[in-house]
1. Order of 14-22, 90-98, 40-48, 28-36 by packing, highest average Cβ count within 10 Å first?
2. Could you work out [θ]222 nm for the chain from helices alone, using -39500 (n - 2.57) per DSSP H run of at least four and dividing by all its residues? Round to the nearest 500 deg cm²/dmol.
3. At R0 = 25 Å, how high is the FRET efficiency between residue 91 and residue 54 if r is their beta carbon distance? Nearest 0.05 is fine.
4. State the extension gain, in nm to one decimal, for the chain segment bounded by residue 5 and residue 110, taking 0.36 nm per residue of separation less the distance between their alpha-carbons.
5. Can you give the convex hull volume of the alpha carbon atoms of the chain per residue, in Å³?
6. Taking the simple approach of a point 7 Å from Cα along Cα-to-Cβ for both residue 21 and residue 38, what is their distance in nm?
Ligand SMILES: CC(C)(COP(=O)(O)OP(=O)(O)OC[C@H]1O[C@@H](n2cnc3c(N)ncnc32)[C@H](O)[C@@H]1OP(=O)(O)O)[C@@H](O)C(=O)NCCC(=O)NCCS
């Protein structure tokens, strides 16, 4: 199962040099992973673990940002999701690979305890 999110990087996402903050990119990764894990499991899910993140290229204001999330492992209560972040400058048409990482979500019940998927 996969999920794709795309949107424009906004000025409020970026620092004074016009590059998007690393923490913002991490938030997007968390959001797409969250949406896919809830969509798949049908349950509320929480972030349990984020694998190494390396920022390869900066995302600039106005770039089209594309996040692609894919489930790579379904456990008893957890889902391991691979997320790829790429961007495209729409005028120059330059495409960049910005970063990729694995993120693990755990399904939880109303009490916040882990729950079977
Ligand atoms: C999620 C939570 C309910 C899990 O409870 P827990 O008793 O610690 O769960 P476990 O250690 O048994 O792990 C649950 C699942 O996560 C997996 N997991 C745990 N640590 C992991 C790690 N470092 N890497 C990969 N998977 C991991 C386990 O393998 C297990 O998967 P499975 O059931 O599919 O086999 C609890 O840790 C919690 O509430 N954490 C805070 C979540 C949160 O607030 N996230 C927001 C970010 S701050």
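1. Output ranking for 14-22, 90-98, 40-48, 28-36: 28-36, 40-48, 14-22, 90-98.
2. -6000 deg cm²/dmol
3. That gives a FRET efficiency of 0.40.
4. Gain on stretching residue 5 to residue 110: 35.0 nm.
5. Taking only Cα atoms, the chain has a hull volume of 99 Å³ per residue.
6. The answer from the label model is 2.2 nm.
Values quoted throughout were computed directly from the atomic coordinates according to the rules given, and no laboratory measurement underlies them. Keep in mind that this is a model prediction, so the values were computed, not measured. All Cβ positions, even for glycine, are placed from backbone atoms using ideal geometry, and neighbour counts span all protein chains on display.
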